[in-house]
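Notes to accompany the following structure.
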Amino acid sequence: MKPWTPTGAVVAPIEISSINVQRGDVIQIGGQPCRVADLRQLPLGSKRLLFETGEQLTMHPRTRLVALRVQKRW
């Protein structure tokens, strides 16, 4: 994964759940930042997050995580 250095953008820490997680969100797992590359809907409101590094994480509906979301300023 290449270094993550956004330019011309605002990075905001937000609380995410399986309802509002988006591609591009950066979640710190085990001390390593992982960017969400793809999402797959699972039964009962769960989602499987696929990261750029190839790892996967299943978020259940009650799971809450803190992520960094890039918001571009125009």
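The values are calculated or read from the model by the stated rules, or taken from the named source; none is laboratory data. Just so it is clear, the model here is predicted, and its values are computed rather than measured. Cβ coordinates were reconstructed from backbone atoms using ideal geometry, including for glycine residues, and neighbour counts include every protein chain displayed. The protein model used for the area step is the full one, side chains on, heavy atoms only, and it has no ligands, DNA or RNA in it. Shrake-Rupley method; radii C 1.70, N 1.55, O 1.52, S 1.80 Å.
Can you find a residue that is at pLDDT below 90, in contact with a Pro (Cβ under 8 Å, 6 or more places away or on another chain) and assigned to a loop (DSSP other than H, G, I, E, B) anywhere in the range 15-22? So far as the range 15-22 goes, no, none of its residues is at pLDDT below 90, in contact with a Pro (Cβ under 8 Å, 6 or more places away or on another chain) and assigned to a loop (DSSP other than H, G, I, E, B). Anything in the range 58-74 that is over 17 Å from Ile14 (Cβ atoms) and outside any loop (DSSP other than H, G, I, E, B)? List them, or say none. Matches in the range 58-74: Thr58 only.
Has the range 35-56 got at least one residue that is in contact (Cβ under 8 Å) with a residue 40 or more places away in the chain, part of a strand (DSSP E or B), open to solvent by less than 50 Å² (accessible area, probe 1.4 Å) and within 19 Å of Arg69 (Cα to Cα)? Checked the range 35-56: no residue is in contact (Cβ under 8 Å) with a residue 40 or more places away in the chain, part of a strand (DSSP E or B), open to solvent by less than 50 Å² (accessible area, probe 1.4 Å) and within 19 Å of Arg69 (Cα to Cα).
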